[in-house]
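Colleague: Handing you this structure, nothing more for now.
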Amino acid sequence: MGFRTILMEMRTTLPIPWLCDHHSHVSLYAALQGCPDLSSCAPAQAMALLRGLPADRITTVRGWHSSRLPLGAAELEALPPAIILNFSLHGFRLTPAARGLVAPEHLDLLERQDDPVWCERNMARLLGFFGASAGFDAAGLDAFMTGLERVGIGAVEDLLLLDAEALRVIRASAWAGRIRVWAAPDVFRTLAAGEREAVAGLKLFTDGALGARTAAMDRPFRGGGDGLLLYGPGALARELAELAPLGKPVAIHAIGGRAITQTLDALAQVAAEGLTLAGARLEHVQFITLAQARRAKALGVTLSMQPNFSSDSEDYADRLEPEVLAANNPFRMLVDQAGFRCGEDLVFGSDGMPHGVACALQWSLFPRFPGQRLTVAELLAGYGVAAEGQGVVTLRVDAQAREVRLLGSEAR
């Protein structure tokens, strides 16, 4: 099967080689995959699920949409022991019934869960807590990676390793060659020298998420607030300077315009001081402007983005103004005006929301706004083939219905 033929032809039935997802959370999602999921539940159904949880242990629950199901003190008081995770993973609720079952070192989470600034600044710790609570093991990893193959993903980057034990599980597995691991600096420092060599780079956060209203936007959210910058003036540049001698690339989460500006300022300052980073990726950058894009290009930064996040222009119409919705994921500007090249300094992943080629292609071909559109060739170049001949996913593209549907996936 010629990859160039697949890229250049637009057919009703489209065979595509298994791709590489450049942004997911393997160890975390593998741990969470067996947990109760509220994401498709109506409010009454979600509450029934939560009330029916076991009373003798803590259950980790995923997929909570806070806008659909507000959980105040009264609602939480009536629930069994549970950790309820926001769909975006930026935000959670720990029920009062869990107090006696939480390890002493995590009791502060009960008091801190309503403090978005603290939660965002401790995101790496929280995600590690969520994953450890759910449990990550070899069987879970096998199930997760097999599930990725079913949706056309043959290789993946784990952008936030849970802990040292999770790295050992990954390295001992048959999937080790298909998973590229990044770690938060605090987790990286706990690793032995040989383990550090297996880590591709370091992950930092500069703002939160749209779902939690903590992305550091240039314009206020509807209803108030413009998100959170997680570093004070000069602090990000100082941290990058401290990390530079480790010789690892950095991947920096920055969704909103203020976070993007802060990150570019810090990278420019580090360069001006004569320090060399092994590489820099900006993750998400959903609201990047042309001026910021040109500056990122000049700094040699790679943009790591999620075509499926073009759906945020529909999902978050309740909190973003119309012109902000239209500015989300400006792929045409990045490619046509700023000169980014898919697969070189513009790469794609899913953040697991959801995984798979079908959703990415759906939002690339049929987005809400024209500026979000990507061609089939651009999308596949940005993901990249996991390994030639590894497997093929087959999709049906219906231009009239504006729909992409998964037909099947098979190893070769």
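The values are calculated or read from the model by the stated rules, or taken from the named source; none is laboratory data. Please read all numbers here as calculations on a predicted model, not as lab measurements. Glycine gets a Cβ as well: all are built from the backbone with ideal geometry, and neighbour counts include every protein chain shown.
Colleague: Name the residues in segment 97-118 that are of a type outside the set (A, V, I, L, M), surrounded by fewer than 15 Cβ atoms within 10 Å (Cβ to Cβ) and over 17 Å from residue 230 (Cβ atoms), would you?
Modeller: If the condition is that a residue be of a type outside the set (A, V, I, L, M), surrounded by fewer than 15 Cβ atoms within 10 Å (Cβ to Cβ) and over 17 Å from residue 230 (Cβ atoms), then 99, 100, 104, 105, 108, 111, 114 are the ones that fit.
Colleague: Conditions: (1) surrounded by 15 or more Cβ atoms within 10 Å (Cβ to Cβ); (2) touching a helix residue (DSSP H, G or I) at 6+ places or on another chain (Cβ under 6 Å); (3) farther than 26 Å from residue 25 by Cα. Residue 290 meets all but one. Number of the miss?
Modeller: Here residue 290 meets the rest and fails (1).
Colleague: Taking the condition of being of a type in the set (Asp, Glu), closer than 27 Å to residue 405 by Cα and free of Cβ contacts under 8 Å to residues at least 40 places away in the same chain, how many residues in segment 14-58 meet it?
Modeller: 1
Colleague: Looking only at segment 164-187, count every residue that is at pLDDT 95 or above and closer than 25 Å to residue 233 by Cβ and tell me the total.
Modeller: 2
Colleague: Additional query: Can you confirm whether residue 131 is in contact (Cβ under 8 Å) with a residue 12 or more places away in the chain, of a type outside the set (D, E, K, R) and assigned to a helix (DSSP H, G or I)?
Modeller: The answer is yes for residue 131.
Colleague: Can you tell which of 237, 216, 291 is outside any strand (DSSP E or B) and within 20 Å of residue 306 (Cα to Cα)?
Modeller: 216
Colleague: With respect to residue 144, is the statement that it is surrounded by 22 or more Cβ atoms within 10 Å (Cβ to Cβ) and in contact (Cβ under 8 Å) with a residue 40 or more places away in the chain true?
Modeller: Yes: the conditions hold for residue 144.
Colleague: Moving on to the next point. Which ones in segment 49-91 are acidic (Asp, Glu) and either in contact with a strand residue (DSSP E or B) (Cβ under 6 Å, 6 or more places away or on another chain) or in a loop (DSSP other than H, G, I, E, B) (or both)?
Modeller: Listed by number, the list holds a single entry, 56.
Colleague: Continuing with this model, one more query. Of everything in segment 190-215, what is modelled with pLDDT of 95 or more and of a type in the set (Lys, Arg)? Give them in sequence order.
Modeller: Within segment 190-215, 196, 203 qualify.
Colleague: Out of all the residues in segment 150-163, which are charged (D, E, K, R) and at pLDDT 95 or above?
Modeller: 150, 157, 158
Colleague: Which residue is farthest from the chain's Cα centre (by Cα), if the candidates are limited to segment 80-139 and must be at positive phi and at pLDDT below 90?
Modeller: 91
Colleague: Same structure, new question: Are there any pairs, at least 6 apart or on different chains, whose C-beta atoms fall under 8 Å, with the first in segment 167-183 and buried (at least 17 other Cβ atoms within 10 Å of the Cβ) and of a type in the set (Phe, Trp, Tyr) and the second in a strand (DSSP E or B) and modelled with pLDDT of 95 or more, and if so, which?
Modeller: Between residues of segment 167-183 that are buried (at least 17 other Cβ atoms within 10 Å of the Cβ) and of a type in the set (Phe, Trp, Tyr) and residues that are in a strand (DSSP E or B) and modelled with pLDDT of 95 or more, the close pairs are 182/157; 182/158; 182/199; 182/200; 182/201; 182/202; 182/203; 182/251.
Colleague: So, in segment 243-257, how many residues would count as being part of a helix (DSSP H, G or I) and either crowded, with 21+ Cβ neighbours inside 10 Å or hydrophobic (A, V, I, L, M, F, W, C) (or both)?
Modeller: 4
Colleague: Do we have any residue at all in segment 36-47 that's in contact with a Pro (Cβ under 6 Å, 6 or more places away or on another chain), surrounded by fewer than 17 Cβ atoms within 10 Å (Cβ to Cβ) and outside the structural domain of residue 306 (by TED's automatic domain parsing)?
Modeller: Looking for residues that are in contact with a Pro (Cβ under 6 Å, 6 or more places away or on another chain), surrounded by fewer than 17 Cβ atoms within 10 Å (Cβ to Cβ) and outside the structural domain of residue 306 (by TED's automatic domain parsing), one finds none in segment 36-47, hence no.
Colleague: Kindly establish whether residue 266 is farther than 13 Å from residue 206 by Cβ and either in a helix (DSSP H, G or I) or of a type in the set (Val, Ile, Thr) (or both).
Modeller: no
Colleague: Still on this structure, I have one more. Can you find, within segment 186-203, the residue that is surrounded by the fewest Cβ atoms within 10 Å (Cβ to Cβ) among those that are assigned to a helix (DSSP H, G or I) and free of Cβ contacts under 8 Å to residues at least 60 places away in the same chain?
Modeller: The qualifying residue surrounded by the fewest Cβ atoms within 10 Å (Cβ to Cβ) is 193.
Colleague: Tell me yes or no: at least one residue of segment 323-344 is modelled with pLDDT of 95 or more, within 21 Å of the chain's Cα centre (by Cα) and among the polar types (S, T, N, Q).
Modeller: Yes, there is a match, as at least one residue in segment 323-344 is modelled with pLDDT of 95 or more, within 21 Å of the chain's Cα centre (by Cα) and among the polar types (S, T, N, Q).
Colleague: Do you know which residues across segment 333-342 are buried (at least 18 other Cβ atoms within 10 Å of the Cβ) and either charged (D, E, K, R) or assigned to a loop (DSSP other than H, G, I, E, B) (or both)?
Modeller: Once the filter is applied, which keeps residues that are buried (at least 18 other Cβ atoms within 10 Å of the Cβ) and either charged (D, E, K, R) or assigned to a loop (DSSP other than H, G, I, E, B) (or both), segment 333-342 yields 338, 340.
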